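The structure appears right after this line, and notes come after that.
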Amino acid sequence: MPNMSEDLPARIGDPLADIQTPALIIDLDVFEANVALMADHAAHLGVDLRAHAKTHKSADIALRQMAAGAVGICCQKVSEARALVDQGVTDVLIANEVVGPRKMMQLIALAQRARVAVCADHPEQVAALSAAAEGAGLTLDVLVEIDCGSHRCGVRPSEAVALALAIDAAPGLWFGGLQSYYGAAQHIYDPVARAAALATSLAITAETRDAIRAAGLACDRITGAGTGTFETEGASGVYTEIQAGSYVFMDVDYNRVRTDTNAAPGGFRQSLFVLSSVMSVTAGRAVCDAGLKASSIDSGLPVVHMPEGVSCIGLSDEHGSLDDPSGRLRLDDRVWLIPGHCDPTCNLHDWYVGIRDGRVEALWPVTARGKLF
């Protein structure tokens, strides 16, 4: 009979040296401080926090965010939301469009078990959502998504009023407000350039809200914002709900984003690492066991957090190439990597290993890993 513990990266109580690598590590002290800090930010700004679970895809983390004050979570896909609802999450905004009859039926089934809202940016989506919701005898919250600058999903602001009216008139649907998420602005590193981009986005969002209200509809929920922009959008008086997600972990790219005081957004610190082991050494160089299957590089290579004086110079499928000019690394030494982009990195792993005081305190499954539909 197979030993199930062999499929786990660690056991509760293990010292760091016993963790199998590569492993996705959470520094629990920093993680908990980040969760509490974002709850404090939201309270100070007077907005709701709807933490985005696409970052971590973890029911354990989502429930901790809600326990700390988040009104619910965001997901991007129906299967992702279902995996988290199965583990006790009760309030989900699918901050995305849902298309196709099978996904539509899965969405409706999910809405019969939890509070669920969804976005739309086309009249055909509204008609399909209406037919599905009416057929199930329920009322589904639907938000109009507008393109406020990213040029991804979302209607043009000039089209938002007609779509909001269509939702309001559709059987089985309730117009739930606006989804206005400026994804590209999250990673504008310079605070002056970011502020200029957000000024335009905020004006578009406010004008769209006002036009919908002028058409006779309440538009009291404006949701969006992220880790890189929530301070500006949350303080704007336009947004009522912020969707930050990466703040719980941070990554190389978010650590490049600067505020006016040259600090990281919100004061959040790095809590997520890919722990790797040295598997080969040569003069001035070493190779660790964390490659492309352990860390995403869409936002650049990981940065070596520890030890000092070592840098990552390339990844292949199973290997990470390290520059070690002082020759300090030895076989089986541990190398702590900060991933370039936390979201896709988390989706590469089955487990989070939570550590405190040098020992494993928690093992949390990446609940919705691979839930892409």
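Throughout, read-outs are computed from the coordinates displayed, never taken from laboratory work. The structure presented is a predicted model; accordingly, all values stated were derived computationally and were not measured. No Cβ is skipped: glycine too gets one built from the backbone with ideal geometry, and neighbour counts run over all protein chains shown.
If each residue of separation counts as 0.36 nm, what is the full-extension length gain between residue 189 and residue 298 once their alpha-carbon separation is subtracted?
Between residue 189 and residue 298, full extension yields 37.6 nm more.
Could you go through segment 154-162 in sequence order and give the Karplus-derived ³J(HN,Hα) for each residue, using 6.51 cos²θ - 1.76 cosθ + 1.60 with θ = phi - 60°, rounded to whole Hz, and x for Gly and Pro?
x, 6, 5, x, 5, 9, 5, 4, 4
Calculate one ³J(HN,Hα) per residue across segment 65-70 by plugging θ = phi - 60° into the Karplus curve 6.51 cos²θ - 1.76 cosθ + 1.60, and present them in order as whole Hz with x for glycine and proline.
Per residue, the Karplus-derived 3J(HN,Hα) values read 5, 5, 4, 8, x, 4 Hz.
Could you list 287, 118 in order of exposure, starting from the residue whose Cβ has the fewest other Cβ atoms within 10 Å?
Listed from fewest to most nearby Cβ atoms, that is 287, 118.
So how do 223, 200, 21 line up by other beta-carbon neighbours within 10 Å, fewest first?
Least to most surrounded, the residues fall as 200, 21, 223.
Looking at the square roots a ≥ b ≥ c of the eigenvalues of the Cα gyration tensor of segment 1-117, which shape do they give, rounded for a/c under 1.5, prolate if a/b is larger than b/c, or oblate?
oblate
Mind listing the long-range amide H neighbours of residue 96? Cut-off is under 5 Å, sequence gap 5 or more, other chains count too, H placed in the peptide plane at 1.01 Å from N.
119
Where is the GNM fluctuation largest for the chain (alpha-carbon springs, 10 angstrom cutoff): 192, 116, 98?
Per the Cα network of the chain with a 10 Å cutoff, 192 tops the list.
Could you tell me how far the Cα centroid of segment 131-148 sits from the Cα centroid of segment 223-289, in Å?
Here the two parts' Cα centres lie 33 Å apart.
Using the scaling law 2.2 N^0.38 Å as the reference, what is the normalised Cα Rg of segment 78-177?
1.02
By how many degrees, 0 to 90 and rounded to 10, does the Cα axis of helix 191-214 deviate from the longest principal axis of the chain?
Roughly 30 degrees between the two axes.
Please identify which residues in segment 283-300 have an amide N closer than 20 Å to a label point set 7 Å out from the Cα of residue 313, following the Cα→Cβ vector.
From segment 283-300, the list is 283-292, 297, 300.
Counting only C-alpha contacts under 8 Å and six or more residues apart, can you give the relative contact order of the chain as a whole percent?
It rounds to 22 percent for the chain.
If you line up the long axis of helix 101-111 against the longest principal axis of the chain, both from Cα atoms, how many degrees apart are they, to the nearest 10?
90 degrees
I'd like the per residue volume of the convex hull spanned by the Cα atoms of segment 290-331, given in cubic angstrom.
Roughly 73 Å³ of hull volume per residue.
Among bridges DSSP assigns within the chain, what percent are antiparallel (round to 5)?
Expressed as a percentage, antiparallel bridges in the chain total about 50.
Amide H to amide H, which residues 5 or more places from residue 285 or on other chains are under 5 Å from it, using H placed in the peptide plane?
Amide H neighbours of residue 285: 324.
What are the residues whose amide H is under 5 Å from the amide H of residue 173, where those residues sit 5 or more places off or on another chain and H is modelled from the backbone?
When sequence neighbours closer than 5 places are left aside, the close amide H contacts are 140.
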